[in-house]
Structure formats: structure tokens, C-alpha cells
Amino acid sequence: MPSGTLLGQALISGVLAGGMYGLLALGLSLSWGLLRLVNLSHFALAFLAAYLTYELGTTYHVAPWWAAAMVVPVMLMIGLAQHWLFDRFKVNELASLLITFSFAVILEVAIQLYWTADYRRFETHYSTMSIKVGAFYIPVLELALCMVAGVLAWGTWLWLRKTYVGKALRAAAEDADIAAAYGVDHKKLAYLLSGMGAAYAAIAGTFIALIATLAPAQIWAWLGVVFAVVIIGRLGNPLGALLAGMLIGASESIAMAIFAPAWAPVVSFSVLIAILLWDPEWL
Amino acid sequence: MADLLSVENLSAGYGRAVVLSDVAFALGEGEALAVLGRNGVGKTTLLDTLVGVTRRFAGSIALGGREVGTLAPEMRAGLGVGWVPQERNIFRSLSVEENLTAVARPGPWTIERVFGLFPRLKERARQSGGSLSGGEQQMLAIGRALATNPRLLLLDEPTEGLAPIIVQELLAALTRLLREEKLAAIIVEQHAQKILPITQRALILERGRIVHQSESAALLADPAPLERFLGVTGR
Amino acid sequence: MNHRMGAWRRRHVLGGFVGLAALGAPAIVRAAPSGAPVRVGGTLSLTGFLAQTAIIHKIAAEIMVEDINSRNGFIGRPVEYIMLDDQSKPDVARSLYEKLITVDKVDLIMGPYATAPILAAMGVAQRYGKVMIQSSMGIPHLQTYDMAFPATPFGPEPDKTYPNVILDAMASLPTPPKSMVIVTSKFPSAQFMAKGMRLEAEKRGVKVPLYLEYEAGNRDFGAIAARVKEANADFLWVGSLGLESNQLLEALRKLDYTPKTSFHLYPAPGPLALSPDGNLVWCSTFLEPDEPFMSRPGMKKIAELYKERATKANLPYAIIDAQAAGMVAAWQILEAGVNGAKSLEDKQIAAWLKKNVVTTVYGPTKFDGLYNHGEPAQLIRQVQDKKWKVVWPKQFVAPGVKLIAT
Ligand SMILES: Nc1ncnc2c1ncn2[C@@H]1O[C@H](COP(=O)(O)OP(=O)(O)O)[C@@H](O)[C@H]1O
Ligand SMILES: [Mg+2]
């Protein structure tokens, strides 16, 4: 049986790693749950943002937070442009999957053309910094990521629950035609939400640049687990996405610590299947 | 033009099918109109066409003198068309209160006043819309339309399929809306006797056409057209 | 041009966008000698998860085709390399080789890289009796086709020979490590070596208190790092591919733990050498751009050209290494085989190769052993001042360089 230190440490790193799943799941969950658009290019946008952060950081020595401030608006515009396409061609759920898949492939190729397929690493002095608490180490960047993800998830949750726009969005997600007949301008709201999703991808991307090593094919590395997270966290539920991310991250990490690391990839889908079978009320 | 609503030469339907043909009527401020007719004659189609969710083939719909027949539903809602659909279509995933606030627009009908009209909704404010009983859903559907502060309320068979005691409660609320609040309304009903007393005017549809139009009081006094077109005496 | 399309069809259909085709029309390189060109077909994983290393192979191959054409070509005729993208997918590689041989009717084929595409291509080569030279299959016993030839000197049983090279190097340290943690990807060629490493280590009295396998594409190394830290062995052996070594070392540093000495199997050399965590780590190699390798025939010029083109292609690590050298050697072997046999007949080329010694950038190479392999020559390099230096075995170490203990 592994020691308490090992388990505790594994739990910490798992929850923190899950923060990234949650952050990536956030935008995906919003557009899937509220717009019925399954945006596979979310991952590609996040990586584009990561590469831009990397480029700004390594070539122009721009600090990551300034880079984020520049990249977020750019991604927001891309998100809006992408939504214009969805709107123009009246894209449905299935078609959105195919279209955003192709969009992601194109972005992957574009990234590869400019940055090559080679690995890119944005070395910063805080990339391996951690805080020691008792016997445990808490990596600073991942902690920051989780805090940002927490603020975003919580803020978005409140926004959906408390504001007129948020409630109108949820109403339109349930029945767009009826909502329209009550004066909800679903189209405008959809643009807003798509823009937001892309901005969230940009924020995730900034952290990806700092935490992970970049390679174009990595775009697809998160796909499976983040999809599981989105579903477990309930479509359109930002807090659920974050909590599900942390749950999956923690489960993977504990599985790696107690059993074999090779089990990790099965964990997310086992949890997903278990929860689907259990079918709790909140799902 | 003093009329709040003026409908002329209206034909509408679904896809290629024409359901309504050459419908014309007018409604003044503060007036209530009963729309009567058997199942499938096009009553719902008429209301839906006013809301803008069917296909309009010809004719005009003027609200307060402004042509709205070409506008999208959300624009018409903004101009004051409030709708209580036959299927109720409340937002099941939103709470009762959110159903109201999600579509609310400023005006005399605040959420508190809606709750005043339907105290049951206030009790269930935090429950999800999907958990309500049929009668409560109908109340919520009416409350939701009121929360948009409409100039014209469209009610599609508001008492259909409800227990008698609930029907009583709803009719009392409707009476209050029409008599005291002087809200302009079009009410679709199969049971004429329930609404003729609270409306000023009535029209009867038969296969998509208006076959009778008169004061409600006149129909109550002489129910012959009711017998002829609805096959009922005013029970 | 149109054969290119096959590889891309799937994406075209899904994407429905133009522009993709412009990405990489088949790279046809042609030069001096005369007559109808000898057409050599092959695939590289230009896109997909193996794409990181494709560009390295592509540059090396292009340099070699030019190099061969600047001499005598293949029996006096110019060489033309028809290179397609197998998208890192074995099934795509299989159908592309099929097409190259049956539709495009190429004269010869050149193998892809990485075990899975190589195995896929080898099946096709065998069916049509084509000689296939491959540069990078790390599990020699899988190469069962008698006209397939390895360009890289793994030797027939690297899982037995190479661990002993590492153990020898360990034994040469002032305080030889007595225990070893093995962490490996389940990627077949890494797992194959890791299993051999465990066996050989235990045979020589080095304890292995922890042996972990993780799935290829593992995202979070936090828990693995916690276990490595807890086991706290004298030596850490990592069966890594690509960036996994960087990820693991970073995760370890986040736990404020630096392994005493660590070895890394197939990491991305650039990022590991440049990483602050990479200092003094060990890694497998077959050559580095240093003595004695630079004195091998043609190596200086190739290394220079490689640096120039890799820089131009915007590669962050533009120095030729064992990966690129594998492709160089593969072409040197094909050149020697064709010109030695004075024939484009696959059977004759194969027969010539089995009887002769070819001098490649890896040194004199033979194909007369088990699985057409010759002597193993897998070495150890170490990051010193952010550069890779061959440090073991001693006869391959450049003057003034030595293995630095940690
Ligand atoms: N969505 C629709 N598509 C096609 N035809 C419809 C649709 N809805 C109703 N209809 C047809 O239009 C006619 C009028 O229906 P409706 O307006 O619902 O009648 P009522 O409300 O008076 O019972 C019926 O013949 C019905 O079959
Ligand atoms: Mg009806």
C-alpha cells in the first residue's frame, strides 16, 4: 500500500491537473450545452493561443499575462468569425462536429506550417516552482490555473443564473423558438457565447503554453478526457465542468499512484460509464 | 387608426399547406376577442401566425398601426405581442422565477404582480418549471407572457385538460386581467360559455375561414351560430 | 501530383477546404546524372503524432538524394524520391506503399520511420518482393522479411546488449548505482528495452525497486513523479518518447526532487538538452556531430547542409543527430546496394547487401546476422552545457570529453 505522503501528493497533483481539464471543458460545455454546437476546434484554438503566447514570450519577451491580454481578444474575434459561419450555414449539432473537426485539422496544419511539427517549450522560471505545505508540494502554475479556472467557472455559473442574458441563454438552449417568441434574441446571445468560449480557450491556451510542451498533434491529446469531463459535469454547467475535471484528474492520479500508471487513460471513461450507469439526478 | 390590432386578408399555413384563408378582423385597445371553432379549424394557426411562427402567405397584421407581419417573432414580442401557447412550452430546466425573469421587460407587470395574480407560483418560485402540475404550468405560461408586459395577450385554450377547480382559478384570474386590468386579449376556446361572458367580441372559425363575427353578448343571447358551427348549445 | 491526393482524401472530404493540397506536393528532387530517373518511393509521417521527427527525416533524405545525384546517381541514372505523407497511420502507410508499387510503379522503395509504419510497409514490400531499408525499427526481431535491411546498428538483440552498455557505464562511476527505478512508456519499442533493462540489471545485482509502465500519450506525470521520488533509487531509467522525459523531470522538480542520475531512451533531443532539467542526463544514441563520427565519409558536409536546412525550416534544434543519421545511412545503403549490384533488381541488391560491408555514417555496417542485423553500436550520450556528448563506450568519446558523474 502506498504511503500517505504519496497518496496525498498524487491527489494534489491530480486535482490540479484536473483543473486544466476543467478549464478546457468550460468553453466546450457552454457551446455544446447552450448552443448545441460541439466545437472540436476549441482544442485547436487553445493551442493556437498557446503558440501565440509562446511566440510572444520567446521572441518578444512578453510576460504571459500580457500575452494573455493580447491573445484573448484575438481568439474572441476568431470565435465570433467562426460563429458567423455556423449562423450563416445554419449548422446543427452533428454538422458542427464535422465542421469544427475540419477547422481544427486546418488549424493544426497551419500551426505546423508556421511553428513546424517540432516540440516547442516556453521555459519560464516559475514553470517548476512549487510551494511546500507540510510534506506536500503544490506547483505554483497549476495552482494559478486552478484559481483562474475556479473564478471563471464560478463567474460564468453566476452569470448564467443571475443575469437576464444568462437566463435568456438557458431558456433559448431549451427551446430557441419559444424563447424567440418571448423576445429573446438568440442569435445575438449565441455570438456572445461563442466569443466567450473562444476567450476561455485562449486563457486555457496561455496555461498550456506555460505548463505543457507544444506540438501540433498535441491538439488532440485532451480530446477524449475533456469530452468525458464535459458530459460528467453536465452540458452547459460551468461549475460542473470544473468539478468533473478535478474529479477525473484526481481519479487518474490516484489510479497511477496505487495501481499502474498505464491505467490512467481508462479511468476517465470508467468514471464516465459508471456515472452514466448510475444516472444520478444531477446528470 | 384607433385599432390596436388590425388583421386583413390574412392567409397562412405550414410549408405549402394553406390553413387560414382570407382572415380579417380588428381589435381595439382594452378589448378581448374570443376565437371559437371545432378542433383543427385553424385557431392555433391564427394565434401562431400573429406570433410569427407559421408561414404567412398573404395579408397584413398591424399592431398599433405598425405592420408586424414581416417581422421575426422576437421583434413582435418586443412590440408587445404576449403569447400563451397551447402546449404551454414553459422552460422546464429553468426555475419558476427564472421562467419569468428570463423574458421580463419593464412595465406594470412586475414579477411580484405576477405572483400576486398566481400565489401558487410564488410558493413554487424556486422549483424547476418541469416539476409543476399542468395547472401550475398554465399559470406560469400566462405569468411568463405577462412578464413581457404585452400590449396584446394571446391565449390558446388556457383551460384545456385541467381539473375543474383549476379551471375556476384560471378563469377568475383571466376575468381580473380582462375586466380590471383592461388587457387586450385574444382567447382561443372550445367551450364558448366559459369565455363569452368575459370577452367583448367573438369570432367563429370553420376550415380556416371566419364564418361568424359578432359581439360576445349577441352570441350569448342567440346561440344559433354556436349550435351550427360548434355543434353545441351553450352548456 | 495526383498520387498525393490519396493520402489527403480523408481530410479533404471532412474539411472540404482547399489549401491543404498546397501543403506538401510530393517532394521530387532531381539532379546531375543522365537518363531516365530511378524512382524511389516512400512515405514519411509528415502529419499526425509522429510528425515531430518527420521533418528531420525529410531534410536528411533530401540532402542524401542531392548528394547521390551529385555523384553517380543510381547506376548512372538520376534518383527521384517520391515522398508521401502516411499521417503517422500504419494503414495509410500500407495503402500508400501498395499504390507506389502498383500504380506509380516506382523502381525501388525507401522505408518509412517508426516501428508501426515500418511493419505496415514491410508487409507490402514482402508481397511484391521489394528491398526495404528502414532506419528506425527498435525491435529487430519483428523484422522478419529477408529483404528488409536495418540502417541503424541496433544489433539483433538490443534488449540484451544495450542494457549492458548502460550497466557498464554505471559501473564506471565513482559510486556505482545499486538500485534503479524503471519508468517506461508502453510504446512497443520502449517497453521492449525496459523489460530487457530490468532483466539485465537484476542479473548484474542492481536492484529494481520500482518498475512502472505508462500509456503512450500520458498527460500528467505528477503521480508517477511522486512514486519515483518515494522509491528514491540511485538511478532512474526512463523509456520515454518525445517529450515524456521533460514532463517527468519537470514533475519531479515540482516535488523538489532531482534524480541522482537518469537515462532517457528516445526523448526529443533538442528540448531535453535545452531544458534546465536536462543537465547531465544520459540518453541513447548512435552518433553525434563530433569526433570520431565527423571523420566518417561525407559526414561533415551532410552535417553542415543539415544545419543550414533545419535552421531554414525553423527547427529549434538544428543539429544533425542519430535520427537524421538513420535516414542518411538508409540512403547510403541503398546507394551502395544498387551500385554494388549494378542493378535495380531487388533480389540482386539484397544478395549484394548480405555479402558486403557498407560504410555509412554509422561506420562499417554488415547485414549477415540474425534479422539481417550486424554488430550493435548503440551508445550513450550526456547533456553537457546544453549539448549532447557521446560519453560511452570509451572508444567513441571525443578527445577531452568524459562521462560526468552526478
Ligand atoms: N405544424 C403543422 N404542420 C402542418 N400542418 C399543421 C401543423 N399544425 C397544424 N396543422 C394543420 O392545420 C390545421 C389547423 O390546425 P390548428 O390550427 O392546430 O387547429 P385548432 O387549433 O383549431 O385545433 C389542421 O388541419 C392541422 O392538421
Ligand atoms: Mg389548437
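The values are calculated or read from the model by the stated rules, or taken from the named source; none is laboratory data. Just so it is clear, the model here is predicted, and its values are computed rather than measured. Note: ideal-geometry Cβ built from the backbone for every residue, glycine included; neighbour counts use all protein chains shown. Just the protein is used for accessible areas: all its heavy atoms, side chains included, with ligands, DNA and RNA removed. Shrake-Rupley method; radii C 1.70, N 1.55, O 1.52, S 1.80 Å.
Within the stretch C:233-244, track down each residue that is open to solvent by 40 Å² or more (accessible area, probe 1.4 Å) and either at pLDDT 95 or above or not assigned by TED's automatic domain parsing to the domain that holds C:V165 (or both).
Across the stretch C:233-244, the qualifying residue is only C:D234.
Test each condition in (1) within 30 Å of A:T5 (Cβ to Cβ); (2) surrounded by fewer than 23 Cβ atoms within 10 Å (Cβ to Cβ) for A:E142 and report the one that comes out false.
(2)
Within the stretch C:288-331, track down each residue that is aromatic (F, W, Y) and in contact (Cβ under 8 Å) with a residue 60 or more places away in the chain.
First, the residues of the stretch C:288-331 that are aromatic (F, W, Y): C:293, C:306, C:317, C:331.
Correct list: C:F293, C:Y306, C:W331.
Can you find a residue in the stretch A:222-231 that is touching a residue at least 60 places away in the same chain (Cβ under 8 Å), within 14 Å of chain B (Cβ to nearest Cβ) and under 22 Å from the mean Cα position of the chain (by Cα)?
Looking for residues that are touching a residue at least 60 places away in the same chain (Cβ under 8 Å), within 14 Å of chain B (Cβ to nearest Cβ) and under 22 Å from the mean Cα position of the chain (by Cα), one finds none in the stretch A:222-231, hence no.
Sort out which residues of the stretch B:11-31 are more than 14 Å from every other protein chain (Cβ to nearest Cβ), within 13 Å of ligand 1 (Cβ to nearest atom) and assigned to a strand (DSSP E or B), and write them in order of number.
Within the stretch B:11-31, B:S11, B:A12, B:G13, B:A17, B:V18, B:V19, B:L20, B:S21, B:V23 qualify.
If the requirement is being under 30 Å from B:E97 (Cβ atoms) and touching a Pro at 6+ places or on another chain (Cβ under 9 Å), which of these qualifies: B:E157, B:E181?
One residue alone meets the criteria, B:E181.
In the stretch C:192-208, how many are more than 19 Å from C:S262 (Cβ to Cβ) and not in a helix (DSSP H, G or I)?
1
Take the stretch C:266-293 and flag every residue that is outside any loop (DSSP other than H, G, I, E, B), modelled with pLDDT of 90 or more, in contact with a helix residue (DSSP H, G or I) (Cβ under 8 Å, 6 or more places away or on another chain) and among the hydrophobic types (A, V, I, L, M, F, W, C).
Selection gives C:L272, C:W282, C:C283.
Somewhere in the stretch A:198-212, is a residue modelled with pLDDT under 95 and not aliphatic (A, V, I, L, M)?
Checked against the condition, which is being modelled with pLDDT under 95 and not aliphatic (A, V, I, L, M), the stretch A:198-212 yields no hits at all.
If you check B:E189, B:E206, which single one turns out to be within 16 Å of ligand 2 (Cβ to nearest atom), outside the structural domain of B:I111 (by TED's automatic domain parsing) and in contact with a Phe, Trp or Tyr (Cβ under 6 Å, 6 or more places away or on another chain)?
Going through B:E189, B:E206 in turn, the sole match is B:E206.
Might you let me know whether the stretch B:61-68 holds any residue that is within 16 Å of ligand 2 (Cβ to nearest atom), outside any helix (DSSP H, G or I) and at pLDDT below 95?
No, the stretch B:61-68 contains no residue that is within 16 Å of ligand 2 (Cβ to nearest atom), outside any helix (DSSP H, G or I) and at pLDDT below 95.
Would you check if C:S295 is touching a strand residue (DSSP E or B) at 6+ places or on another chain (Cβ under 9 Å) and among the hydroxyl-bearing types (S, T, Y)?
When the stated conditions are applied, C:S295 does not pass them.
Mind listing whichever residues of the stretch C:249-298 are farther than 30 Å from C:I68 by Cβ and charged (D, E, K, R)? Steps first, answer last, please.
Taking the stretch C:249-298 first, the residues farther than 30 Å from C:I68 by Cβ are C:249-265, C:267, C:271-283.
Scanning the stretch C:249-298 gives C:E250, C:R253, C:K254, C:D256, C:K260, C:D277.
Considering (1) at the interface with chain A (Cβ under 10 Å from one of its Cβ atoms); (2) under 30 Å from C:I319 (Cα atoms); (3) surrounded by 24 or more Cβ atoms within 10 Å (Cβ to Cβ), say which one C:L248 fails and leave the rest.
Among (1) at the interface with chain A (Cβ under 10 Å from one of its Cβ atoms); (2) under 30 Å from C:I319 (Cα atoms); (3) surrounded by 24 or more Cβ atoms within 10 Å (Cβ to Cβ), C:L248 violates only (1).
What number of residues in the stretch B:79-120 are in a strand (DSSP E or B), open to solvent by less than 10 Å² (accessible area, probe 1.4 Å) and either at the interface with chain A (Cβ under 9 Å from one of its Cβ atoms) or out of contact with any Asp or Glu (no Cβ under 8 Å at 6 or more places or on another chain) (or both)?
Qualifying residue count, the stretch B:79-120: 1.
Can you find a residue that is part of a helix (DSSP H, G or I), modelled with pLDDT under 90 and not polar (S, T, N, Q) anywhere in the stretch A:144-156? Show your work before the answer.
The initial filter retains those residues of the stretch A:144-156 that are part of a helix (DSSP H, G or I), namely A:144-156.
Still in the running and modelled with pLDDT under 90: none.
Scanning the stretch A:144-156 turns up no residue that is part of a helix (DSSP H, G or I), modelled with pLDDT under 90 and not polar (S, T, N, Q).
With respect to C:V228, is the statement that it is in a helix (DSSP H, G or I), within 13 Å of another protein chain (Cβ to nearest Cβ) and crowded, with 21+ Cβ neighbours inside 10 Å true?
Yes.
For the structure I just gave you, tell me whether B:G143 is away from ligand 1 (no atom under 16 Å from the Cβ), part of a loop (DSSP other than H, G, I, E, B), among the small types (G, A, S) and not assigned by TED's automatic domain parsing to the domain that holds B:K194. Before the answer, list the steps.
Details: away from ligand 1 (no atom under 16 Å from the Cβ): yes; part of a loop (DSSP other than H, G, I, E, B): no; among the small types (G, A, S): yes; not assigned by TED's automatic domain parsing to the domain that holds B:K194: yes.
For B:G143, the condition - away from ligand 1 (no atom under 16 Å from the Cβ), part of a loop (DSSP other than H, G, I, E, B), among the small types (G, A, S) and not assigned by TED's automatic domain parsing to the domain that holds B:K194 - is not met.
How many residues are more than 11 Å from the chain's Cα centre (by Cα) and either touching a residue at least 40 places away in the same chain (Cβ under 8 Å) or within 16 Å of ligand 1 (Cβ to nearest atom) (or both) if we restrict to the stretch B:146-168?
Within the stretch B:146-168, residues that are more than 11 Å from the chain's Cα centre (by Cα) and either touching a residue at least 40 places away in the same chain (Cβ under 8 Å) or within 16 Å of ligand 1 (Cβ to nearest atom) (or both) number 9.
Among the residues of the stretch B:32-48, write down those that are within 9 Å of ligand 1 (Cβ to nearest atom) and not in a loop (DSSP other than H, G, I, E, B).
Hits for the stretch B:32-48 are B:V35, B:K43, B:T44, B:T45, B:L46, B:L47, B:D48.
In the stretch B:69-78, how many residues are among the aliphatic types (A, V, I, L, M) and either open to solvent by less than 20 Å² (accessible area, probe 1.4 Å) or within 13 Å of ligand 2 (Cβ to nearest atom) (or both)?
1
Pick out the one residue from B:Q193, B:Q213 that is in a strand (DSSP E or B) and either in contact with a strand residue (DSSP E or B) (Cβ under 8 Å, 6 or more places away or on another chain) or over 13 Å from B:K43 (Cα atoms) (or both).
On the way: B:Q193 fails: in a strand (DSSP E or B).
Within the list B:Q193, B:Q213, the selection yields B:Q213.
Filter the stretch B:32-60 down to the residues that are more than 16 Å from ligand 2 (Cβ to nearest atom), away from chain A (no Cβ under 14 Å) and open to solvent by 50 Å² or more (accessible area, probe 1.4 Å), then identify the one that is farthest from the chain's Cα centre (by Cα).
B:F57
Do you know which residues across the stretch B:1-31 are open to solvent by 20 Å² or more (accessible area, probe 1.4 Å) and within 16 Å of ligand 2 (Cβ to nearest atom)?
B:Y14, B:A17, B:V19
Could you check, for the stretch B:121-140, whether at least one of its residues is charged (D, E, K, R), within 12 Å of chain A (Cβ to nearest Cβ), away from ligand 2 (no atom under 16 Å from the Cβ) and not in a loop (DSSP other than H, G, I, E, B)?
Checking the stretch B:121-140: not a single residue is charged (D, E, K, R), within 12 Å of chain A (Cβ to nearest Cβ), away from ligand 2 (no atom under 16 Å from the Cβ) and not in a loop (DSSP other than H, G, I, E, B).
Need pairs with beta-carbon distance below 6 Å; first residue in the same structural domain as B:A202 (by TED's automatic domain parsing) and within the stretch B:34-57, second more than 6 Å from ligand 1 (Cβ to nearest atom) and of a type in the set (F, W, Y); sequence gap 6+ or separate chains.
Pairs found: B:V51/B:W83.
Mind counting the residues in the stretch A:236-280 that are within 11 Å of another protein chain (Cβ to nearest Cβ) and under 24 Å from A:E174 (Cβ atoms)?
Looking only at that region, the number is 2.
Given (1) within 11 Å of chain A (Cβ to nearest Cβ); (2) out of contact with any Pro (no Cβ under 7 Å at 6 or more places or on another chain); (3) assigned to a helix (DSSP H, G or I), identify the lone condition not met by C:Y211.
Here C:Y211 clears every test but (3).
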